[in-house]
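Written below as structure tokens is the structure these notes are about.
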Amino acid sequence: MKLDSLRDVLNECVRDLYNAETQLVKALPRMAKAAASPELKEAFTLHLEETKRQVERLDRVCEQLGVKAKGKTCQAMKGLIEEGAEIIAEDGSPAAKDAALIGAAQKIEHYEIAGYGTARTFAATVGEEEVAALLQETLDEEGATDEKLSALAAELNEEAADEEGEEEEEVVAAPAKKSAAKGKKK
């Protein structure tokens with residue numbers, strides 16, 4: 001599609017967001033399954049349901065704009081989801097992997113916040129007030145999800161740090177035990 005007007009740019013932004021959200025609908029169940037923390041599993045599951053509603057809202061936006069929603073791939077979301085898949089595939093402690101999953105999820109949220117904020121502004125500028133309101137509704141939800149993830153991260157990151165501290169204590173204690181054992185043999 002040619003970008004000859006701000007309306008054309010808005011239409012492309014909406015199509016990009018639509019594909020991003022549909023990719024996320026497929027990725028969130030995998031993220032939920034990979035999460036060790038019950039709270040993180042629940043957060044991903046709840047966001048999946050919210051994301052499905054956001055796709056429905058984007059369907060309405062596309063209808064109002066007269067835009068075909070499908071046919072565009074959001075390369076940015078594709079890359080962000082691939083980063084999440086790499087985390088899922090890694091070995092490691094459950095708490096550390098949960099921290100990494102939250103980081104990946106927040107990158108996704110920040111991308112969505114930027115995309116919805118931009119599209120909302122374009123819609124308002126071209127006089128599509130109803131579209132702007134629908135996009136703002138989703139923007140508000142994405143911001144709230146990011147805040148929830150931040151709060152959850154603060155809690156789970158402490159667990160990951162505690163695990164790390166315990167591992168360091170074990171490593172430090174092991175040489176001390178060997179030294180004590182050598183001293184007794186003499």
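Some observations on this one:
- Sequence-distant aspartates and glutamates (8 or more away, or on other chains) whose Cα lies within less than 17 Å of Lys33: Glu42, Glu49, Glu82, Glu83, Glu86, Glu90, Asp91, Asp98
- Relative to the 2.2 N^0.38 Å rule of thumb, the range 47-92 has a C-alpha radius of gyration ratio of 1.56.
- Given Lys26/Lys72; Lys2/Lys70; Lys41/Lys148; Lys41/Lys72; Lys107/Lys148; Lys2/Lys26, the pairs whose alpha carbons are separated by over 20 Å: Lys41/Lys72; Lys2/Lys26
- The calculated FRET efficiency for Glu86 paired with Ala36, based on their beta-carbon distance and R0 = 25 Å, is about 0.90.
- Share of pairwise Cα-Cα distances greater than 16 Å in the range 41-164 is 67 percent (whole percent).
- Along each principal axis, taking the top coordinate minus the bottom one, the Cα set of the range 1-90 gives 47, 24, 17 Å in descending order.
- Relative contact order [Cα under 8 Å, 6+ residues apart], the range 1-140, whole percent: 31
- Summed over qualifying helices (DSSP H, 4 residues or more, each -39500 (n - 2.57)) and divided by its residue number, the chain shows a 222 nm mean residue ellipticity of -31500 deg cm²/dmol.
- Each label point was placed 7 Å from the Cα along the Cα-to-Cβ direction; for Ala154 and Arg53 their separation is 2.5 nm.
- Label-point gap, in nm, between Leu3 and Gln75 - each point 7 angstrom along Cα→Cβ: 1.2
- Cα pair distances in the range 98-158, grouped into 5 Å bins until the bin that holds the longest one, percent each: 4, 20, 24, 17, 12, 9, 7, 4, 2, 0
Rule-based calculations on the coordinates, nothing more; no lab input. Bear in mind the structure is a predicted one, so any value in this text is a computation, not a measurement. Backbone-built Cβ (ideal geometry, glycine too); neighbour counts: all protein chains shown.
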